[in-house]
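What follows is a set of notes on a single structure, which appears directly below.
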Amino acid sequence: MSTKPFIMRYPALMYFVITFVISWGGVLILSTPYGMPATPDQAEKAWPIVFAPYFLGPVIASLLMTQLVSGRAGFRGLGARLRKWQVGIRWYAGALLIAPLLVGILTLLFSLVSRDFLPVVAAAEDKIGVIVQGIAVGLIFGGFLEELGWTGFAVPRLRQSYGVLCTGLIVGFLHGLWHLLPTYWATGDASGAVSLPDFIPPMFFYAGVLPAYLILMVWVYDRTGSLFISMLMHASLTASAPWILMPAATGTPLVVYYLVLTAVMWAVVGLVALSNRESLMRGKVISEACCTED
């Protein structure tokens, strides 16, 4: 039986399957010489190799599914949304500032209680280097490579059937799950066993903070239709939360920090929901036009 009808009926599902197969499959195969999980030294040396297919998974899946579902028209639509940058200064401000402001304020408050919560940039000798590296990582990996897939393909398709809230939860949950395997691989201790103080805290971030933030990202995309803005918004979170403003704390203190950040992020979602209840719940708004164009 031909798989084409199934792909056309469930394009978002197929996108997620292909993304996980490429990303997780690459991590499993390329990490074999180093073990699962790897020691800190092994992870530091080998992560560019092991993570190469991981970050390419969303991009390859997006381009492949766009070709299968929409062909050339799909790539024209993708390019149009990527080039849509004239959306108003308030959307740029929101995309670029929501994450660093919330993370920065919370980190500052926690650091008043304990210096363990001072951000990475505060303790670094080369502060400019940390900031530049964080922005580069955010733009290249979090922004471009990931969002060309998640928002470039999956979000518009899900929005045809679900509201902003449900779409954000679906993408947020799967996006968080997507981080599970590489995080496990990179958090081994010196003996090669998983280091729970290093592994568990990020799981609270991926399970709590990320879904809330993805809802905000879907809402912004829904109002702007700009893939470029979505990339900037994701880059802002990546550059601030796990990089420039990342607290030095580990283990239980870091879990507490992420729980509070989760509560704060969901509070912001609640405020947006109260003022935009109808737009968060209904389906088929801006993304229907996107998919038709695709």
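The values are calculated or read from the model by the stated rules, or taken from the named source; none is laboratory data. This structure is a prediction, so every number in the text was calculated from the model and none was measured. Here the Cβ is made from the backbone with ideal geometry for all residues, glycine too, and neighbour counts use every protein chain on show. These area figures cover heavy atoms from the full protein model, side chains too; ligands, DNA and RNA do not enter into them. Shrake-Rupley method; radii C 1.70, N 1.55, O 1.52, S 1.80 Å.
Odds and ends about this structure:
- Segments classed as helices (runs of 4 or more DSSP H), wholly inside region 196-256, with at least 1 members that are of a type outside the set (A, V, I, L, M, F, W, C) and open to solvent by 40 Å² or more (accessible area, probe 1.4 Å): 196-204, 210-224
- Qualifying residue in region 4-11 (condition: under 22 Å from the mean Cα position of the chain (by Cα), open to solvent by less than 40 Å² (accessible area, probe 1.4 Å) and either within 26 Å of ALA235 (Cα to Cα) or free of Cβ contacts under 8 Å to residues at least 40 places away in the same chain (or both)): yes
- Residues in region 129-138 that are of a type in the set (Gly, Ala, Ser) and either open to solvent by 50 Å² or more (accessible area, probe 1.4 Å) or under 12 Å from ALA241 (Cα atoms) (or both): 2 in all.
- Residues satisfying the stated conditions in region 27-86, i.e. polar (S, T, N, Q) and either assigned to a helix (DSSP H, G or I) or surrounded by 14 or more Cβ atoms within 10 Å (Cβ to Cβ) (or both): SER31, THR39, GLN42, SER62, THR66, GLN67, SER70
- Region 93-128, residues that are in contact with a helix residue (DSSP H, G or I) (Cβ under 7 Å, 6 or more places away or on another chain), under 15 Å from LEU216 (Cα atoms) and open to solvent by 50 Å² or more (accessible area, probe 1.4 Å): LEU96
- Residue within region 192-211 that is under 27 Å from ILE60 (Cα atoms), touching a residue at least 60 places away in the same chain (Cβ under 8 Å) and hydrophobic (A, V, I, L, M, F, W, C) present: no
- Selection from region 74-99 of residues that are among the aromatic types (Phe, Trp, Tyr) and under 30 Å from TRP266 (Cα atoms): TRP85, TRP91, TYR92
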